[in-house]
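Q: What follows is a structure written as structure tokens; I'll ask about it next.
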Amino acid sequence: MNRLPVRSFACALAALPLAAGHPLRAQRVHELRATPETVAWGYYVATKAPALRIASGDVVDVMTMITNSPRRLESVGVPPEEIQQELRDIYEQVTDRGPGGHILTGPIYIEEAEPGDVLEVRILSIDLAISYGYNGCSGFLRANCGERRTRIFRFDTERMVAPFSDGIEIPLRPFFGSMGVAPPPSSGRISSNPPWIHAGNMDNRELVAGTTLYIPVHAKGALFQVGDGHAAQGDGEVNQTAIETSLLGRLQFYVHKDRHLNWPRAETSTHFIVMGMDRDLIKATQIAVQEMIDFLMEEHHLERGDAYSLASIAADLRITELVDGNVGVHMMIAKSLFRN
């Protein structure tokens, strides 16, 4: 894949506590560009034909597309020559769309993955694929949008900021808003909009390069998809969008046969993260808190009451997003608390 001359957020392959113990093997590096043949527009499903087949331990260089049309981008001031040809091809040729709106690259079939396993996704690097992004307006308090519904942001890729207005610059921390696997086959084809047990449109801004995501597998091969690139976003994503853009990522996949998860989890260099998603914010929060209790019991061998107490004393609850049907809540606890 042609890597653009922008700053790469490459991570060292440090051994992470939940990621240890992988057998040594010859690891292949694959390329997966976004084309009409390699995307799923607006859905996750267990019956989608794979765009790529890999083995556990392999690395994939993947391209994802901005979630907006060439015509709309041109109408708000993006020069035609700056619209990616891949985006034009996808809009012209892909007619199987919905019920969601995200252009997702994949699925990636991981040969060893079976229902009940856990898929580990190491986010090795993320690059900006284009020099601009947009922010739309709808979401949580739509009456505040005003007349301007779409705004283009230009990226300063040397300083990794986007000018917002005089005296305000937005730091760029690119991440994929949607990373997920196929849902349980009984669920059929589900929208790409709401996150769920398959992960999907989590919009979790912590999942930048150098972090790791763990997803429960529900279908053979896992069928991983990725997209909804964000250059920057606040917790909550309250007006429906981040700074939406196209990204280039390098991801490494491992299948865990000896682990089981009910909900996605993640970790950064400094924190463990658990997640909950539901249409009701209280229920999503209850799921996230219980996930933290379970994590502390399973991984750090605390008694239930002690785990609940530590979650209250030392873990932080955050609203991941409020605008995607299912709301998201994640809970973070610092690794520095644990000496072993």
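Q: Add -39500 (n - 2.57) for each DSSP H run of 4 or more in the chain, then divide by its residues: what number comes out at 222 nm, to the nearest 500 deg cm²/dmol?
A: On the way: 4 runs with 46 residues, N = 340.
Rounded to the nearest 500, the figure is -4000 deg cm²/dmol.
Q: Right, something else. For 338, 224, 253, 176, which order do you get if you count the other beta carbons within 10 Å of each Cβ and list the fewest first? Don't skip to the answer; put the middle values down first.
A: Numbers: 338 12, 224 32, 253 21, 176 29.
Arranged by neighbour count, lowest to highest, 338, 224, 253, 176 become 338, 253, 176, 224.
Q: OK, next. From Cα pairs below 8 angstrom and at least 6 apart in sequence, can you work out the relative contact order of region 28-261, rounded to a whole percent?
A: Rounded, it is 33 percent for region 28-261.
Q: Turning to a different aspect of this structure: Counting other C-beta atoms within 10 Å, which of 218, 330 has the fewest, and how do the rest follow?
A: On the way: 218 24, 330 29.
In order of increasing Cβ crowding within 10 Å: 218, 330.
Q: Sticking with this structure for a sec: With charges only on Cβ, +1 for K and R and -1 for D and E, what is the dipole size of region 258-326 about its Cα centre, in debye, rounded to 20?
A: On the way: 6 positive and 13 negative charges, 29 e Å.
Around 140 debye, computed over region 258-326.
Q: Among 292, 313, 276, whose Cα lies farthest out toward the positive end of the dipole of region 271-337, if unit charges sit on the beta carbon of Lys, Arg (+1) and Asp, Glu (-1)?
A: Checked the options; the winner is 313.
Q: Using the Cα centre as the reference, give the magnitude of the dipole from point charges on the C-beta atoms of the chain (Lys, Arg: +1; Asp, Glu: -1; all else neutral), rounded to the nearest 20 debye.
A: The dipole of the chain has a size of about 200 debye.
Q: Quote the charge dipole size of region 134-236 about the Cα centre in Debye, to the nearest 20; the model charges only the Cβ of Lys and Arg (+1) and of Asp and Glu (-1).
A: Here region 134-236 has a charge dipole of around 360 debye.
Q: For the pair residue 94/residue 157, report the inter-label distance in nm, with labels modelled 7 Å from Cα in the Cβ direction.
A: About 2.2 nm, to one decimal.
Q: Among 61, 203, 166, which comes first, then next, by fewest other beta-carbon atoms within 10 Å?
A: Least to most surrounded, the residues fall as 166, 61, 203.
Q: While we're on this one: How many percent of all Cα-Cα pairs in the chain sit more than 37 Å apart?
A: Values: 7676 of 57630 pairs.
Looking at the chain, the distances longer than 37 Å represent 13 percent of pairs.
Values quoted throughout were computed directly from the atomic coordinates according to the rules given, and no laboratory measurement underlies them. Because the structure is a prediction, the values reported are computed rather than measured. All Cβ positions, even for glycine, are placed from backbone atoms using ideal geometry, and neighbour counts span all protein chains on display.
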